[in-house]
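These notes concern the structure reproduced below.
The values are calculated or read from the model by the stated rules, or taken from the named source; none is laboratory data. Note that the structure is predicted; figures quoted are calculated from it, not measured. Note that we place each Cβ from the backbone using ideal geometry, even for glycine, and neighbour counts take in every protein chain shown. Side chains are part of the model used for accessible areas, which takes the heavy atoms of the whole protein and leaves out ligands, DNA and RNA. Shrake-Rupley method; radii C 1.70, N 1.55, O 1.52, S 1.80 Å.
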Amino acid sequence: MDFNSAKELLELCQQEQCPISEIMRRRECALGETTRDVVDHRMARALEIMRASATQPLKSPGRSMGGLIGGEAKKLANHAAKGKAICGDVLLKAMTYSMAVLEVNASMGLIVAAPTAGSAGVVPGLLLALQDCYQISDSRLIDALFNAGAVGYLAMRNATVAGAVGGCQAEMGVAAAMASSAAVELMGGEPEQCMDAASTVLMNMLGLVCDPVGGLVEYPCQNRNASGVANALIAAEVALSGITQLIPFDEMLATMYAVGRRIPIELRETALGGCAVAPSACQQCASCAV
């Protein structure tokens, strides 16, 4: 059940007549020499952590270690409760959950890196929002997480998910690609549509730089998680409508990696460029250090 590319993954799906999540589950069982129950239990634990980190700040917001963020998710939730939201239910919930996860991460709480700590809000944000709005069971969410894992595995194997290597397009882009592919399967899409969605995300987020203020995974990372779920949702909707991608996922992943290596070092998690050197950002960092 092993695969080294999206092309091979789709061939396995066709051969076995099953979704991406099932291929990834079988791969995990084979590599770990264990049972479905064991791997499902591990994924259920990941889902439990994801849900906790996405909801805890809505009840008791707290400041981040660097003091740059804290309470934003609660503000979004309150905004929705007042009936003033201009986004639809799925997107607003996804934004809220994704920003909440970053608050937990930035305050040294427990999160699931999916695929990284800085982009950890995107996958749970979108999947938990879909669960809320469409009454989806946890067992189906676990399937979706295996799908997301397959996309993350391909990115790790054939490119990078590190902002220091490929910019934020690698971290947030891959997280959104994982979320989008998982969402497509969750909503009844075919494996090919999952890969189309993942490819569309990488295309739309191509070139995004990594410029954390003060070198901390707080700002603008939190806002970019919200942007990531929006990109993931858009790509999923496009794929589910039957619109195909001109560039296959494998090629788009290679393109993202090539672009990432050409991004200047100042814009790859060094805090030497971009938002990190804006005057207001520098003033905030100085006040945090006092």
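Brief remarks on what is shown
- Test result for A148, within 24 Å of Q135 (Cα to Cα), part of a helix (DSSP H, G or I) and touching a Gly at 6+ places or on another chain (Cβ under 9 Å): no
- Hey, G189 outside any helix (DSSP H, G or I), open to solvent by less than 20 Å² (accessible area, probe 1.4 Å) and at pLDDT 95 or above or not: yes
- Filtering region 162-181 to residues that are crowded, with 22+ Cβ neighbours inside 10 Å and either among the aliphatic types (A, V, I, L, M) or not in a helix (DSSP H, G or I) (or both) leaves G167, A170, M172, V174, A175, A176, A177, M178, A179.
- In summary, P57 fulfils each of the numbered conditions (1) open to solvent by less than 50 Å² (accessible area, probe 1.4 Å); (2) over 23 Å from A176 (Cα atoms); (3) in contact with a Lys or Arg (Cβ under 7 Å, 6 or more places away or on another chain) with the single exception of condition (2).
- Members of region 214-231 found to be within 12 Å of the chain's Cα centre (by Cα) and open to solvent by 40 Å² or more (accessible area, probe 1.4 Å), listed by number: R224, S227
Here's the yes/no breakdown for (1) closer than 17 Å to L154 by Cα; (2) touching a strand residue (DSSP E or B) at 6+ places or on another chain (Cβ under 8 Å); (3) open to solvent by 60 Å² or more (accessible area, probe 1.4 Å):
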| residue | (1), (2), (3) |
| --- | --- |
| P19 | yes, no, no |
| G32 | no, no, no |
| M43 | no, no, no |
| R51 | no, no, yes |
| G62 | no, no, no |
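- Of all residues in region 1-26 being at pLDDT 95 or above and among the aliphatic types (A, V, I, L, M), the one that is nearest to V38 (Cα to Cα): M24
- Residue count for region 245-256, restricted to those that are part of a loop (DSSP other than H, G, I, E, B) and not hydrophobic (A, V, I, L, M, F, W, C): 2
- Residue match in region 123-131 (condition: open to solvent by less than 10 Å² (accessible area, probe 1.4 Å) and not aliphatic (A, V, I, L, M)): yes
- Breaking point among (1) closer than 13 Å to C210 by Cβ; (2) assigned to a helix (DSSP H, G or I), for C285: (1)
- Residues of region 257-277 that turn out to be open to solvent by 40 Å² or more (accessible area, probe 1.4 Å), in contact with an Asp or Glu (Cβ under 9 Å, 6 or more places away or on another chain), farther than 25 Å from R157 by Cβ and not in a helix (DSSP H, G or I), as a count: 2
- Those residues of region 70-103 which are of a type outside the set (G, A, S) and crowded, with 24+ Cβ neighbours inside 10 Å, in sequence order: K93, M95, T96, Y97, M99, V101, L102, E103
- Selection status of V184, open to solvent by less than 10 Å² (accessible area, probe 1.4 Å) and closer than 18 Å to L126 by Cβ: yes
- Residue that is closer than 20 Å to S227 by Cβ, in a helix (DSSP H, G or I) and not acidic (D, E), where the choices are L47, L68, L92, L9: L92
- The residue that is nearest to P61 (Cα to Cα), counting only those in region 103-144 that are among the β-branched types (V, I, T) and in a loop (DSSP other than H, G, I, E, B), is I111.
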